[in-house]
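**Q** Below you'll find the structure I mean.
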Amino acid sequence: MNERIASAIVKEHIVSHLQVDEGFELQHVIGNRIRTYLDFYLPHGAQSLGIQGPAAIEVKERLVSDTLMRLSFAYDNANLAGLVLIVLDERDYENLISTIKWFHGSGLKGREIKVYSLETFLSEHESTDYANALIENWIVKYGEQQDRDALLRELKQNIHSNSYTLFFGAGVSCSAGLPGWDKLLKGVMRKVIKKSGISIKVSDYVAVNKYCYCSNSPLIMAQYLSDNLPKGELSSIVRKEIYRNGPSRFDLLDALVDLVNTKRPESVITYNYDDLFETRANSCGIHCHSISDDNRVEGDELPVYHVHGVLPQSTIPNKEEQIVLDEKSYHTENKDAFLWSNIEQMHALRRSICIFVGLSMTDPNLRRLLDISHREYGDESAYHYAFLKKEDLRPGKLNKNKDNQAIIEKMLFGLGVTTIWYDSHDDLPDLIRTLI
């Protein structure tokens with residue numbers, strides 16, 4: 001184990017044990033002309049860990065010749081009441097214990113120094129099981145980080161040397177503050193109730209969605225609602241609900257625009273109705289053309305194919321826009337292999353590297369197209385990449401969650417897609433920017 005991962009483990013351990021009036025600093029600087037850095041500085045100590053303040057914690061993989069003298073200097077100049085030294089190399093740990101105990105020349109004799117191995121430090125005020133679990137969790141996390149970094153480097157190289165296509169799902173719109181499926185459909189439900197006068201209330205949404213033959217499916221729930229609306233009003237109601245509160249943040253969208261500005265894709269294929277991406281891209285000088293039917297692209301325009309329809313935020317269409325929202329419209333899309341939206345998706349899957357952002361990868365039609373495309377390659381390679389957020393099968397059960405992720409990876413790999421996992425949606429913009 002190296003210092004980087006050990007320091008991350010120590011940091012988590014300290015933070016979880018600090019009291020309200022305690023705190024710590026990373027890389028605390030000691031001295032002016034001669035500078036020394038302390039890994040962790042606790043001005044008020046950490047009472048639950050038995051550390052009196054002010055104190056420092058140092059994590060060392062190996063002890064070089066001047067380490068003890070440097071720590072002696074830091075001890076005096078920081079006016080420390082105590083120093084915790086965590087040594088990762090077992091031989092150095094054993095030697096240091098005897099050195100401090102017997103060797104006056106170390107410069108540490110008579111000072112309040114506690115020397116630990118990582119395991120003994122973690123378990124001194126906790127159980128051995130706690131220490132082992134914390135170490136195992138970070139070893140796995142660090143391994144995942146290395147794997148992800150390697151995949152990001154691979155993807156960056158691929159998109160800069162090949163053509164690529166971006167696929168956007170609901171997560172991209174939600175990142176900007178637009179409503180997700182439940183919130184959107186609840187808003188539509190309010191309009192249905194108002195227009196139809198039915199006795200069902202918005203408070204019944206969960207029960208209707210779960211128990212009343214809607215099976216927690218947005219498609220069936222949308223059908224339930226659209227069947228109670230006058231013909232031709234669904235898209236106008238959906239448009240109002242999408243932009244009701246307007247977009248509020250643009251971190252992910254701006255990262256995607258930056259990527260497109262650096263290396264232009266063949267096209268963008270989006271399952272979202274909004275045109276937020278086009279608006280942000282156009283403001284940066286990227287000329288986008290929103291397409292929701294079999295239109296042609298002119299000049300240097302970047303085609304943005306809205307395969308489920310488009311409802312622009314700045315203009316209200318004169319006619320009812322056709323959107324794929326309910327079950328019937330979705331079935332219409334699926335049954336026609338020569339529908340323009342299916343053809344564009346299939347072309348992208350066959351002739352470019354595709355990057356899926358904000359998609360759960362569970363849409364049956366997308367999986368069908370991926371399967372058809374992958375079978376035609378006739379090999380076991382994965383040419384496409386999907387960014388997916390980790391979802392625990394069971395919180396705190398590391399092995400179960402790892403096995404679950406491995407199964408999902410295998411399923412998607414069988415469709416020609418490599419999975420790039422991330423922990424929080426806030427991480428995604430930075431991951432996208434690593435591709436630039």
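**Q** Does the range 375-389 hold any residues that are over 22 Å from residue 426 (Cβ atoms) and either at pLDDT 85 or above or outside the structural domain of residue 168 (by TED's automatic domain parsing) (or both), and which are they?
**A** Selection gives 384 alone.
**Q** Might you let me know whether the range 390-403 holds any residue that is modelled with pLDDT of 85 or more and among the hydrophobic types (A, V, I, L, M, F, W, C)?
**A** no
**Q** Among what's in the range 233-258 and is modelled with pLDDT under 95 and acidic (Asp, Glu), pick the residue that is nearest to residue 171 (Cα to Cα).
**A** 241
**Q** Restricting attention to helices (runs of 4 or more DSSP H) lying wholly within the range 116-190, give those where 1 or more residues are free of Cβ contacts under 8 Å to residues at least 24 places away in the same chain and of a type in the set (Asp, Glu).
**A** The helices (runs of 4 or more DSSP H) meeting that bar are 118-123, 128-161.
**Q** With the condition kept exactly as written, say whether any residue in the range 245-252 is assigned to a helix (DSSP H, G or I), buried (at least 17 other Cβ atoms within 10 Å of the Cβ) and out of contact with any helix residue (DSSP H, G or I) (no Cβ under 6 Å at 6 or more places or on another chain).
**A** Checking the range 245-252: not a single residue is assigned to a helix (DSSP H, G or I), buried (at least 17 other Cβ atoms within 10 Å of the Cβ) and out of contact with any helix residue (DSSP H, G or I) (no Cβ under 6 Å at 6 or more places or on another chain).
**Q** Give the number of residues within the range 1-25 that are closer than 20 Å to residue 127 by Cα and surrounded by 13 or more Cβ atoms within 10 Å (Cβ to Cβ).
**A** 11
**Q** If a residue must be farther than 12 Å from residue 431 by Cα, exposed (fewer than 14 other Cβ atoms within 10 Å of the Cβ) and among the acidic types (Asp, Glu), how many such residues does the range 142-161 contain?
**A** Final tally of qualifying residues: 2.
**Q** Looking at the range 79-92, I want the residues that are closer than 16 Å to residue 4 by Cβ and have a partner that is assigned to a strand (DSSP E or B) with Cβ atoms under 6 Å, at least 6 apart or on another chain. Which pairs are those?
**A** Hits for this filter: 86/59; 86/116; 87/60.
**Q** Which of the residues belonging to the range 392-423 are touching a strand residue (DSSP E or B) at 6+ places or on another chain (Cβ under 7 Å) and acidic (Asp, Glu)?
**A** 409
**Q** Further question: May I ask you to say which residue of 327, 409, 376 is without any contact (Cβ under 8 Å) to a residue 24 or more places away in the chain and either under 24 Å from the mean Cα position of the chain (by Cα) or at negative phi (or both)?
**A** Just one listed residue meets the conditions, 409.
**Q** Okay, next question. Name the residues in the range 339-374 that are touching a Ser or Thr at 6+ places or on another chain (Cβ under 6 Å) and modelled with pLDDT of 95 or more, would you?
**A** Scanning the range 339-374 gives a single hit, 354.
**Q** Determine whether the range 225-234 contains at least one residue that is part of a helix (DSSP H, G or I) and not assigned by TED's automatic domain parsing to the domain that holds residue 201.
**A** Scanning the range 225-234, I find no residue that is part of a helix (DSSP H, G or I) and not assigned by TED's automatic domain parsing to the domain that holds residue 201, so the answer is no.
**Q** Which ones in the range 260-303 are buried (at least 16 other Cβ atoms within 10 Å of the Cβ), in a helix (DSSP H, G or I) and either touching a strand residue (DSSP E or B) at 6+ places or on another chain (Cβ under 8 Å) or among the polar types (S, T, N, Q) (or both)?
**A** 260, 277, 278, 279, 281
**Q** Residue 385 versus (1) closer than 15 Å to residue 167 by Cβ; (2) assigned to a helix (DSSP H, G or I): which is the lone unmet condition?
**A** The number of the failed condition is (2).
The values are calculated or read from the model by the stated rules, or taken from the named source; none is laboratory data. No experiment lies behind these values; they were computed from the predicted model shown. Positions of Cβ are generated from backbone atoms using ideal geometry, with glycine treated the same way; all protein chains shown enter the neighbour counts.
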